[in-house]
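Just below is one structure, and these are the notes that go with it.
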Amino acid sequence: MPERITVVGVVADEVEALGGAARRALASADLVVGGRRHLDALVRSGARRVVIGADVEAVLERIAHEPGAVCVLASGDPGFFGIVRPLAARFGPDRLVVLPEPSSVALAFARLGLPWDDAVVVSAHGRPLAAAARRVAGAAKAAVLVSPESPPEALAKELLALGAEHDQVAVCSRLGTPEERVERTDLAGLAQGTWEPLSVVVLMRGDGSAGAKTLAWGLPEDDFDHRAGMITKSEVRAVALAKLELPGAGVMWDVGAGSGSVSVECAALRPDLSVLAVERRPDDAARIRANAAAHGVAVEVVEGEAPGALAALPDPDRAFVGGGGLEALDAVLDQLRPGGRVVAAYAALDRASAAMDRLGSLLQLGVARGERLPGGGVRLAAQNPVFLAWGPDR
């Protein structure tokens, strides 16, 4: 195993453009690792070469068996969504010497004359494009690193499906090279065109200074299309979301989703969470899709009845059970991942008590909303009480 691994950031594919330390590391390397373009342009010595491809683990294994000096070439800042992460995980950060150049995102915003300390930045390399789109759909200013598997036009289609409102788009490609291009369009134009796949896509809504959408949960029932009041009431939803303790990523089930209000709020609060809404009625399933689109979030709707519809789904980290009774709750618990949590809502005490036996915790939520009387006074109108059970205890 090499004592030191020098990671060199590259902007222009010319040795003369590298700093002195980078040139020395490259010249003295016994093994040089990088993309084929960087290797062909920069490696002039007799060093052994390894091309970084899709199988990063194989490249790490080759480095691990190299007793000599190793130099790894990477675009821009290798610590920014780059090769430094797997190298540090495998060999430890103390073994690395990192010589960065400006990242492609920094260069993209520089070319546009914009600051980017307030931008949301995500990568679609090695992660689902839908997850990247969910992350930036509500941002006023964002940058997405796209790839041949997830090109700019595919990103635009995902964003349009989520109801994103970015009116300014820039596709910045081949940054720092003589072939550099910065092309401006809008989301519709981005979706209709064919673009350089290895690009940074910059997205802006207005002047980009509006900030992210307001953080809110327990939204009013009127914010959702629902069937004759068949919706988890806002106050109940707010408490249920608190008890769910949503993780940053993973799988969330909303069983007996109805209007999908819980699903939609979970997806809005945690864009990287994969949210599945299970609903047996086709008309309610259509409402869930419409509500998700109206709120600009991604919710996968599973049309079917619990517990039968649950068996084929990916195991959940979190689940809200709003329908299906105790049989559905038992099926959810059978598939719940270790450390997971379930919240279940009931109107009847006997079912709530049985759910507490399974989950460990129970509360009754009684809400009285203020209503204006004809004479100008106010009365408190009680809503039907709801029981929430949650757990398992950790």
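The values are calculated or read from the model by the stated rules, or taken from the named source; none is laboratory data. Owing to the predicted nature of the structure, the values given are computational and were not obtained by experimental measurement. So basically every Cβ, Gly included, is an ideal-geometry build from the backbone, and we count neighbours across all protein chains shown.
Figures for the structure shown
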read-out: Members of segment 14-30 found to be buried (at least 17 other Cβ atoms within 10 Å of the Cβ) and under 36 Å from the mean Cα position of the chain (by Cα), listed by number; value: Leu18, Ala22
read-out: Pair list, Cβ < 9 Å and 6+ apart or interchain, from segment 235-249 residues that are closer than 19 Å to Gly340 by Cβ to residues that are among the hydroxyl-bearing types (Ser, Thr, Tyr) and crowded, with 19+ Cβ neighbours inside 10 Å; value: Ala240/Thr232; Ala249/Ser274
read-out: Count of segment 141-153 residues which are among the aliphatic types (A, V, I, L, M) and either more than 16 Å from the chain's Cα centre (by Cα) or surrounded by fewer than 20 Cβ atoms within 10 Å (Cβ to Cβ) (or both); value: 0
read-out: Unique residue being in contact with a helix residue (DSSP H, G or I) (Cβ under 9 Å, 6 or more places away or on another chain), outside the structural domain of Ala74 (by TED's automatic domain parsing), of a type in the set (Gly, Ala, Ser) and closer than 23 Å to Pro86 by Cα when the list is Ala154, Ala132, Ala161; value: Ala132
read-out: Output for segment 196-222, where each listed residue is modelled with pLDDT under 75, in contact with an Asp or Glu (Cβ under 9 Å, 6 or more places away or on another chain) and under 30 Å from Ser261 (Cβ atoms); value: Gly211
read-out: Tally of residues being within 16 Å of Ile5 (Cα to Cα) and not basic (Lys, Arg) across segment 34-50; value: 3
read-out: Top-ranked residue of segment 75-111 - restricted to ones that are touching a residue at least 60 places away in the same chain (Cβ under 8 Å) and charged (D, E, K, R), ranked as farthest from Val121 (Cα to Cα); value: Arg95
read-out: Among the residues listed as Leu246, Leu215, Leu241, the single one being loosely packed, with under 15 Cβ neighbours inside 10 Å, aliphatic (A, V, I, L, M) and either assigned by TED's automatic domain parsing to the domain that holds Arg341 or under 25 Å from Val122 (Cα atoms) (or both); value: Leu215
read-out: From Ala345, Ala368, Ala292, residue being loosely packed, with under 13 Cβ neighbours inside 10 Å and not assigned by TED's automatic domain parsing to the domain that holds Leu162; value: Ala368
read-out: Scope segment 34-71; condition basic (Lys, Arg) and more than 20 Å from Arg174 (Cα to Cα); matching residues; value: Arg44, Arg48, Arg49, Arg62
read-out: Some residue of segment 113-126 being buried (at least 19 other Cβ atoms within 10 Å of the Cβ) and in contact with a Ser or Thr (Cβ under 8 Å, 6 or more places away or on another chain); value: yes
read-out: Matching residues, segment 74-103, being over 21 Å from the mean Cα position of the chain (by Cα), of a type in the set (Gly, Ala, Ser), surrounded by fewer than 20 Cβ atoms within 10 Å (Cβ to Cβ) and part of a loop (DSSP other than H, G, I, E, B); value: Gly92
read-out: Ala142 vs. criteria part of a strand (DSSP E or B) and under 29 Å from Leu273 (Cα atoms); value: yes
read-out: Test for Ala164: is it at pLDDT below 95, assigned to a loop (DSSP other than H, G, I, E, B) and touching a His at 6+ places or on another chain (Cβ under 9 Å); value: no
read-out: Any pair with Cβ under 9 angstrom, 6 or more apart, that starts in segment 122-150 at a residue that is touching a residue at least 24 places away in the same chain (Cβ under 8 Å) and of a type in the set (S, T, N, Q) and ends at one that is in a helix (DSSP H, G or I) and surrounded by fewer than 22 Cβ atoms within 10 Å (Cβ to Cβ); value: Ser147/Leu129; Ser150/Leu129
read-out: Ala228 small (Gly, Ala, Ser), modelled with pLDDT under 95, over 15 Å from Ser263 (Cα atoms) and out of contact with any Leu (no Cβ under 6 Å at 6 or more places or on another chain); value: yes
read-out: The one condition in (1) in contact with a helix residue (DSSP H, G or I) (Cβ under 8 Å, 6 or more places away or on another chain); (2) free of Cβ contacts under 8 Å to residues at least 12 places away in the same chain that Asp222 fails to fulfil; value: (1)
read-out: Members of segment 367-384 found to be at pLDDT 90 or above and in a loop (DSSP other than H, G, I, E, B), listed by number; value: Leu373, Pro374, Gly377
read-out: Search result, residues across segment 287-316 that are hydrophobic (A, V, I, L, M, F, W, C) and touching a residue at least 60 places away in the same chain (Cβ under 8 Å); value: Ala290, Ala293, Ala294, Val297, Ala298, Leu313
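For (1) surrounded by fewer than 22 Cβ atoms within 10 Å (Cβ to Cβ); (2) in contact with a Pro (Cβ under 8 Å, 6 or more places away or on another chain); (3) more than 17 Å from Asp317 (Cα to Cα), each residue gets a yes or a no:
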{"position": "Val255", "(1), (2), (3)": "no, no, no"}
{"position": "Gly260", "(1), (2), (3)": "no, no, yes"}
{"position": "Cys266", "(1), (2), (3)": "no, no, no"}
{"position": "Asp272", "(1), (2), (3)": "yes, no, no"}
